[in-house]
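Asks: One structure follows; several queries about it will come next.
Taken together, the values in this text are just the output of simple stated rules run on the coordinates, not laboratory data. Keep in mind it's a predicted model, so treat the numbers as computed, not measured. We place every Cβ from the backbone using ideal geometry, glycine too, and count neighbours over all the protein chains shown.
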């Protein structure tokens, strides 16, 4: 009778939000069916089979929001960290950037339209006031790529040393205070001169 042996492999993985497979929780909020619908409605489904199909690129962009300090190659590594033993593409930074441009912003705008709004949760303290939804209006200034298209609408900010190197865009969001979910958001050019401090006031909103 032969002797059977089992060889095990010990893998040291990160914990917390960097844990392998953690990004799979995105599919609980944005399931694949919703991503496919967004791609179909915006006509951004890939025309041929690629190593980076459009559905995967959308998930990569969503995951990038969880890891703003990482470049797309490292975000891709987080997405594929749990695929041990399975073949996975190893795209370059240039390939990921090209895939992002190919898909564009339209599918993400579609998903935002589907997901925005106050979460359907039981009424709790601070959620409503006299039957009205309690909301906050807040804003911030973001930098965008220094491209000719962005410069046609957005300008570079001023400063003591000649201004910023990138165009700036102002983001205003309406947030439900009780659930901290975004009801709506708009982008536009920042005000002339030094941007004022965004308001952080709460107000009653009649939206159900």
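Asks: If eta is 1.002 mPa s and T is 20 °C, what Stokes-Einstein diffusion coefficient results for the stretch 16-115, Kirkwood Rh from Cα pairs, in µm²/s? The partial results should precede the final answer.
Replies: On the way: Rh = 14.0 Å.
Translational diffusion coefficient: 154 µm²/s.
Asks: Let me ask something additional. What ranking of 147, 54, 47 emerges when the number of other C-beta atoms within 10 Å of each C-beta is taken as an exposure proxy, fewest first?
Replies: On the way: 147 11, 54 23, 47 7.
By the 10 Å Cβ count, ascending, the order reads 47, 147, 54.
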